[in-house]
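Below is one structure, written out as C-alpha cells; comments come after it.
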Amino acid sequence: MAERQGQAAPDAVLTRIGQVVMLHHAGDREEARHRLLGLWAEIGEHGDPLHRCTLAHYLADTQDDPADELAWDLRALTAAEEAREEAFAVMAVTALYPSLHVNLADDYLRLGRDDAARTHLRWARDSATALADDSYGDGVWAAIGRLESRLGEGGPGAWTPPRQRP
C-alpha cells in the first residue's frame, strides 16, 4: 500500500503543477507565479528531480526579469540532469530537454549573450530529434525556428529537422 501511494504522489504533484500552468496560460501570470512558488517551497530544493525540473521550467515562464527567468531555467536543467539518473523519469526528461534548451537560448539572447544562445539552440536542435511527431514536437520545432530567425540563422539553406514536417 505504501508503495502504491509513493507511485501515485508524483502524478498528484505533476497534476497540481499542470493546473497552475493552465492558470498561467489563461492569463493570470502573477497568481500562477505565487502558486508555483508555493509548490516549490513544498517540494524543496532537494525534492524529486522530475518535479523540480517541471516546476522550475514553468516558474521561469512567470518571471518578469530575464535574469530571473534564466536562473529558473538553469534550475530546471540541473534537475533534469538529476532526473535522468532515475529510470522512471528518463522518458519524461528526454522530452523536456529540447524545450529546456530553447528556453535557455531565448534567455541568453534576451540578455545579449548570443554565443550562449547559439550553443543552447544547437543543443535544442540535437535533442529535438528524439521528439514525437505531435503537437508538442511541432511547438518545440517552431520555437527553434523562431530563435534561428532571431539569431540570423534562419532563411534559405537553414537547418531543418530530420523528419518530414506537415
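The values are calculated or read from the model by the stated rules, or taken from the named source; none is laboratory data. Because the structure is predicted, anything quoted here is derived from the model rather than measured. Positions of Cβ are generated from backbone atoms using ideal geometry, with glycine treated the same way; all protein chains shown enter the neighbour counts. These area figures cover heavy atoms from the full protein model, side chains too; ligands, DNA and RNA do not enter into them. Shrake-Rupley method; radii C 1.70, N 1.55, O 1.52, S 1.80 Å.
In the range 124-136, of all residues being surrounded by fewer than 19 Cβ atoms within 10 Å (Cβ to Cβ) and either touching a helix residue (DSSP H, G or I) at 6+ places or on another chain (Cβ under 6 Å) or of a type in the set (Gly, Ala, Ser) (or both), the one that is nearest to Asp114 (Cα to Cα) corresponds to Ala130. For the range 25-46, enumerate the residues that are closer than 19 Å to Leu100 by Cα and open to solvent by less than 40 Å² (accessible area, probe 1.4 Å). Within the range 25-46, Arg33, Leu36, Trp40 qualify. Kindly provide the set of residues from the range 106-140 that are touching a Lys or Arg at 6+ places or on another chain (Cβ under 7 Å) and more than 21 Å from Asp65 (Cα to Cα), ordered by number. Answer for the range 106-140, where residues must be touching a Lys or Arg at 6+ places or on another chain (Cβ under 7 Å) and more than 21 Å from Asp65 (Cα to Cα): just Asp133. Among the helices (runs of 4 or more DSSP H) confined to the range 45-151, the ones with at least 2 residues that are closer than 23 Å to His25 by Cα are located at 49-60, 66-83, 90-110, 135-150. Screening Val140 against (1) farther than 21 Å from Asp11 by Cα; (2) open to solvent by 20 Å² or more (accessible area, probe 1.4 Å) leaves a single unmet condition, (2).
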